[in-house]
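Contents: one structure, followed by commentary.
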């Protein structure tokens with residue numbers, strides 16, 4: 001297992017991120033979950049998705065889009081902005 005370097009759009013800017021993508025059995029749901037370790041200029045993050053058809057790049061970009069939209073929503077508390085987001089597709 002090694003990290004691959006891939007171009008990704010992070011918060012509106014394209015950069016090269018280091019990514020590791022693993023599909024692992026997760027006991028709480030008795031099924032596979034896609035885990036993505038991403039190291040960007042903003043630091044490391046681990047994301048997970050129940051949609052195994054999404055690539056690591058897609059999962060990271062979806063997270064960045066959602067997180068940047070949350071920053072612009074009035075009334076959100078700082079602790080809510082720091083919550084981990086699970087990127088998932090239709091069930």
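The values are calculated or read from the model by the stated rules, or taken from the named source; none is laboratory data. Computed from a predicted structure; not experimentally measured. FYI the Cβ positions are ideal-geometry reconstructions off the backbone, even for glycines, and counts take in every protein chain you see.
Take residue 28 and tell me if it is modelled with pLDDT under 75, surrounded by fewer than 14 Cβ atoms within 10 Å (Cβ to Cβ) and outside any strand (DSSP E or B). Even if it seems obvious, please write down each step before you answer.
Values: modelled with pLDDT under 75: no; surrounded by fewer than 14 Cβ atoms within 10 Å (Cβ to Cβ): yes; outside any strand (DSSP E or B): yes.
So residue 28 fails the test.
Total residues in segment 1-22 satisfying the condition of being part of a loop (DSSP other than H, G, I, E, B) and in contact with a strand residue (DSSP E or B) (Cβ under 6 Å, 6 or more places away or on another chain): the figure is 1. Residue 13 passes every criterion in (1) under 16 Å from residue 65 (Cα atoms); (2) surrounded by 11 or more Cβ atoms within 10 Å (Cβ to Cβ) apart from (2). Determine if segment 54-69 includes at least one residue that is exposed (fewer than 10 other Cβ atoms within 10 Å of the Cβ), at pLDDT below 95 and out of contact with any helix residue (DSSP H, G or I) (no Cβ under 6 Å at 6 or more places or on another chain). Checked against the condition, which is being exposed (fewer than 10 other Cβ atoms within 10 Å of the Cβ), at pLDDT below 95 and out of contact with any helix residue (DSSP H, G or I) (no Cβ under 6 Å at 6 or more places or on another chain), segment 54-69 yields at least one hit.
Residues in segment 31-59 that are part of a strand (DSSP E or B) and touching a residue at least 40 places away in the same chain (Cβ under 8 Å): 47, 49.
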